Amino acid sequence: MRRVGLVVFPGFQILDLVVVTVFEVANVIAGRAIYDVHLVSETGGLVVSSAGVAVDSRAPDELAYDTLMVAGQMEITPTSPGLVDLVRDAARVSRRTASVCTGAFILAEAGLLEGRRATTHWVYARTLQRDFPAVRMDEDCIFIQDGPIWTSAGMTAAIDLSLALVEADLGVEISRAVARKMVVYHRRPGGQSQFSALLELEPRSDRIQKALRYARENLTADLSVEKLAEVANLSPRQFSRAFHAETGQSPAKAVENLRLEAARVLMEEGRHPIEIIVRETGFGDRERMRRAFLRAFGQPPQAFQRMARLSA
């Protein structure tokens, strides 16, 4: 029996309780009680979620949890020292520790993410990076494992994370069967950027806005730093520095993201051959686009085409 402890606290996001269902269904699929799931809080008793729905919880005990998971919240609020201590102490004796959504902030406060790759809800990723600069933030991943520490993106990514934990324990066939039972993706293609406004870059200055507008409207053109700097009427060095300060991305990364978004949309329309999409989005050749898709989405372009055909 693997004991799973889901740490909740006042104001937690109630959707994070879906992880309980993933482990419940895994027990059903496996035909035996593999996971024993408990809701844990700092003091035990009723804990009220941000939706106003209360759940019963137990105080932490001395028994180690095989898997410790920390729920997230809708907005970042101060964490009680007792909650941070609970997570830090429990993580020392747990085989692995995971956070759902903004629960990554609690792991960071407990010192568990220092020097590790991690993710969280895309809205708060840069805040976490700013507040905890030792964290190696990847704001586009659905979930990340770095050693015994797992972190996930926003809200429904709790399902993806839990399925990955089940797969690590019981194998791909069980986790795939759980996904089928729950009518969800076994592995969602892509990252948070396809579900968020991550690509809706909002620079403050007119010059950077002008350069981005030019890039969006001229994906097949030369979009080098030198060209975009010329459009912005800045030197390449000034432009690169200002662009990164206002968007959090390098010009090259932003251009690649804009091309990726355009290519993904064309693929989901399902009417365009790969060669046409490569040309119309400025990638130049298929291999370059394939590598960009793998970096951003973890899937090749053909996976998006297959999904488009299935949806049709």
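The values are calculated or read from the model by the stated rules, or taken from the named source; none is laboratory data. In this text the structure is predicted, and so the values were computed from the model without any measurement. Don't worry about glycine lacking a Cβ; one is built from the backbone with ideal geometry, like all the others, and counts go over all protein chains shown. Quick note on the areas: whole protein, heavy atoms, side chains included, nothing else; ligands and nucleic acids left out. Shrake-Rupley method; radii C 1.70, N 1.55, O 1.52, S 1.80 Å.
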*asked:* Out of 129, 145, I need the residue that is farther than 19 Å from residue 15 by Cα, outside any helix (DSSP H, G or I) and open to solvent by 20 Å² or more (accessible area, probe 1.4 Å). Which one?
replied: 145
*Answer yes or no as to whether residue 298 is touching a residue at least 60 places away in the same chain (Cβ under 8 Å) and under 22 Å from the mean Cα position of the chain (by Cα).*
yes
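One line per residue, one yes/no per condition, for (1) crowded, with 19+ Cβ neighbours inside 10 Å; (2) at pLDDT 90 or above; (3) in a loop (DSSP other than H, G, I, E, B); (4) under 29 Å from the mean Cα position of the chain (by Cα):
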site: 220; (1), (2), (3), (4): no, yes, yes, no
site: 237; (1), (2), (3), (4): no, yes, no, no
site: 245; (1), (2), (3), (4): no, no, no, yes
site: 255; (1), (2), (3), (4): yes, yes, no, yes
site: 259; (1), (2), (3), (4): yes, yes, no, yes
site: 278; (1), (2), (3), (4): yes, yes, no, yes
site: 287; (1), (2), (3), (4): no, yes, no, yes
site: 293; (1), (2), (3), (4): yes, no, no, yes
_Can you list residue pairs whose Cβ atoms sit under 6 Å apart, with the first residue in region 65-80 being closer than 14 Å to residue 149 by Cα and of a type in the set (D, E, K, R) and the second being modelled with pLDDT of 90 or more and not in a loop (DSSP other than H, G, I, E, B)? Count only pairs 6 or more apart in sequence or on different chains._
66/2; 66/3
*Restricting to region 1-27, what's the tally of residues that are assigned to a helix (DSSP H, G or I) and either among the basic types (Lys, Arg) or under 21 Å from the mean Cα position of the chain (by Cα) (or both)?*
10
*Of all residues in region 37-63 being in contact with a Lys or Arg (Cβ under 8 Å, 6 or more places away or on another chain), assigned to a loop (DSSP other than H, G, I, E, B) and surrounded by 14 or more Cβ atoms within 10 Å (Cβ to Cβ), which is modelled with the highest pLDDT?*
41
*Looking at (1) under 25 Å from residue 25 (Cα atoms); (2) touching a Ser or Thr at 6+ places or on another chain (Cβ under 8 Å), which is the one condition that is false for residue 168?*
(2)
